[in-house]
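Report on one structure; see the data block that follows.
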Amino acid sequence: MKVILAQHGGQAAGINLNRPPKVIDSAALDEPKAAELKRLVAAASSAPSSAASSGKARDEMSYTITIQDQGRETVLSQSDTTMSADFAKLRAWLQRYPKN
Amino acid sequence: MFSNHCRCINCITPPHILKKLLENSDSRIRDAALRTLLTTSRLRGERTIRGLLASAALVSSQGRRTISDCGNSISLPAATIGRTEEGPTSTDESVNRAFVGLGKTREFYKEALDRDSLDGNGMRLNGYVHYDASYNNAFWDGSQMIFGDGDDVLFTDFTKSLDVIAHELTHGVTEFTAGLRYHKQSGALNESISDVFGSLVKQWAATPKQTADQADWLIGAEVFTPDIGADALRSMKNPGKAYNNSTLGRDPQPDHMSKYVDMPDTDAGDHGGVHINSGIPNKAFYLTSIGIGGYAWQAPGQIWYAALQASTSTTDFQEFADTTYLKAGQMYGSQGAEQQAVLSAWKEVGIRVSATLVLAGTTARMRRPMADISNGRDEDQADVARKIEQLTGQLATLSKQVANLRSKPH
């Protein structure tokens with residue numbers, strides 16, 4: 001399973017445009033980490049946004065998490081003001097993971 | 001039956017019956033119905049006015065500040081109070097910086113622009129610090145301000161930047177005035193307005209206060225960690241030159257319409273490049289300020305603020321440029337140094353103020369010397385010049401009305 005995190009917008013939107021997405025291949029992880037990632041992905045995939053966008057937020061960041069697993073691709077997109085707790089946990093895990 | 005008082009007809013007669021009675025063949029009945037309708041309208045109007053007075057009489061909250069601590073979570077309801085308006089200084093410097101920054105922004109709007117907080121009615125100012133973990137951002141969530149601590153690799157605590165604080169709060173001002181839609185050109189203008197007033201707050205709050213040529217015109221210079229070789233997040237003086245290194249890449253902001261960046265209207269496309277193309281109006285404001293000289297929150301800031309208040313949700317760069325030109329003429333004199341600086345600034349970034357506006361101004365200038373000569377032909381020319389100015393003003397008003405109609409959902 002490959003999980004790809006892309007970040008958009010915010011005060012550093014120009015910088016975020018230049019930064020490549022972070023790609024994590026579960027095959028390169030040890031077993032406990034791979035299992036943890038799988039759990040987080042499953043939870044985030046089944047959790048809807050915590051709130052609909054008000055359309056009034058300015059300079060918030062948004063995140064696209066793409067999951068490629070066994071020939072299937074799932075794309076999750078949420079923002080600072082709309083993300084579910086499970087999406088936030090997955091995002092935080094991906095952000096903490098060392099860069100490729 | 002039809003006394004002068006007509007109390008029965010003044011009581012509970014429904015309006016549709018009164019209107020029918022206006023067509024009655026008996027003039028006394030018509031008069032009584034008319035008096036009742038007029039009295040009803042007057043009373044309704046008075047109730048409306050009383051309602052308006054009642055709300056105006058509410059004491060302004062005067063922008064009272066509350067800073068809360070998110071404790072590195074993303075839950076705002078779970079945040080703890082860090083500092084209140086009359087409360088003691090906090091032991092947490094992020095809390096104190098946010099408190100001071102919100103206060104300076106509030107004072108700027110009051111003293112420089114005579115505006116009572118973001119909504120003009122003393123709206124409370126709420127800030128949340130230590131949002132999330134290693135959060136490299138600060139944002140306005142639609143009603144309050146959120147600050148991250150940074151990851152200590154690229155960014156440090158966002159409360160350290162007064163212009164970023166004022167930038168975010170100014171999004172609130174924009175929402176209560178023009179309501180510029182957050183995409184494409186109106187969105188880039190929205191971002192630019194926040195950079196403009198963000199920078200002005202910093203210049204105004206500096207000790208001593210900074211003139212336009214003393215200011216650095218940088219946004220977010222303080223948020224980078226020392227090891228990152230970058231001037232700032234954005235440069236209003238030199239869009240595209242705020243940073244250029246292997247870690248951050250090159251600053252993508254354009255400084256001219258010929259370099260406008262067409263981006264998708266999506267999250268990934270920065271809603272059509274609102275943080276990217278803001279470089280163009282940013283540079284126009286910088287050039288206007290340098291062209292006029294002195295303190296940029298005076299004439300340049302007043303012109304931009306007036307133009308913001310005259311704009312709508314769909315105002316684009318061209319319309320905003322035209323409005324700044326009009327406002328400069330109205331506020332500081334047609335063809336004056338201020339209006340010329342505005343015209344020249346927009347031209348330098350590739351936007352030409354609409355010809356009809358410039359022509360109206362030129363005609364007005366031509367009228368002044370001819371006013372000394374009194375003959376019928378000169379008065380005719382003066383009339384023509386006045387009519388052109390009137391028509392130009394009407395055209396601008398009509399354009400705004402059409403834009404307003406377009407922006408309403410059908």
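The values are calculated or read from the model by the stated rules, or taken from the named source; none is laboratory data. Values in this document were obtained by computation on a predicted structure and should not be read as measured data. Every residue, glycine as well, gets a Cβ built from its backbone with ideal geometry; the counts of neighbours run over all protein chains shown.
Quick notes on this one:
- Complete set of residues in segment B:239-273 that are without any contact (Cβ under 8 Å) to a residue 24 or more places away in the chain and more than 9 Å from chain A (Cβ to nearest Cβ): B:Lys241, B:Asn244, B:Asn245, B:Ser246, B:Lys259, B:Tyr260, B:Val261, B:Asp262, B:Pro264
- You will find that of B:Gly71, B:Gly45, the residue that is at pLDDT 95 or above, more than 14 Å from every other protein chain (Cβ to nearest Cβ) and surrounded by fewer than 22 Cβ atoms within 10 Å (Cβ to Cβ) is B:Gly71 and no other.
- Filtering A:Gln7, A:Gln11 for residues that are in contact (Cβ under 8 Å) with a residue 12 or more places away in the chain and part of a strand (DSSP E or B) leaves a single hit, A:Gln7.
- Selected residue [more than 9 Å from every other protein chain (Cβ to nearest Cβ), in a loop (DSSP other than H, G, I, E, B) and without any contact (Cβ under 8 Å) to a residue 40 or more places away in the chain] from A:Pro32, A:Pro48: A:Pro48
- Selection status of B:Asp227, more than 14 Å from chain A (Cβ to nearest Cβ), closer than 16 Å to B:Leu154 by Cβ and either assigned to a loop (DSSP other than H, G, I, E, B) or not charged (D, E, K, R) (or both): yes
- Tabulated pairs, segment A:58-74, first more than 9 Å from every other protein chain (Cβ to nearest Cβ) and touching a residue at least 12 places away in the same chain (Cβ under 8 Å), second crowded, with 17+ Cβ neighbours inside 10 Å and of a type in the set (Phe, Trp, Tyr), C-beta under 9 angstrom, 6+ apart or interchain: A:Ile65/A:Phe87
- Residue list for segment B:122-140, restricted to those being free of Cβ contacts under 8 Å to residues at least 40 places away in the same chain and farther than 13 Å from B:Ser94 by Cβ: B:Ser134, B:Asn136, B:Asn137, B:Phe139, B:Trp140
- Failed criterion for B:Asn244 (all others in (1) outside any loop (DSSP other than H, G, I, E, B); (2) in contact with a Gly (Cβ under 9 Å, 6 or more places away or on another chain); (3) within 15 Å of B:Phe285 (Cβ to Cβ) hold): (3)
- Test: residue in segment A:16-26 that is of a type outside the set (Phe, Trp, Tyr), surrounded by fewer than 15 Cβ atoms within 10 Å (Cβ to Cβ), in a helix (DSSP H, G or I) and more than 14 Å from chain B (Cβ to nearest Cβ): no
- Boolean, B:Ala133 is within 30 Å of B:Thr247 (Cα to Cα) and at the interface with chain A (Cβ under 9 Å from one of its Cβ atoms): yes
- Check on B:Thr174, farther than 13 Å from A:Asp59 by Cα, in a helix (DSSP H, G or I) and at the interface with chain A (Cβ under 10 Å from one of its Cβ atoms): yes
- Looking at A:Leu37, A:Leu90, A:Leu94, just one residue is touching a strand residue (DSSP E or B) at 6+ places or on another chain (Cβ under 8 Å), more than 14 Å from chain B (Cβ to nearest Cβ), closer than 14 Å to A:Lys2 by Cα and outside any strand (DSSP E or B), and that residue is A:Leu37.
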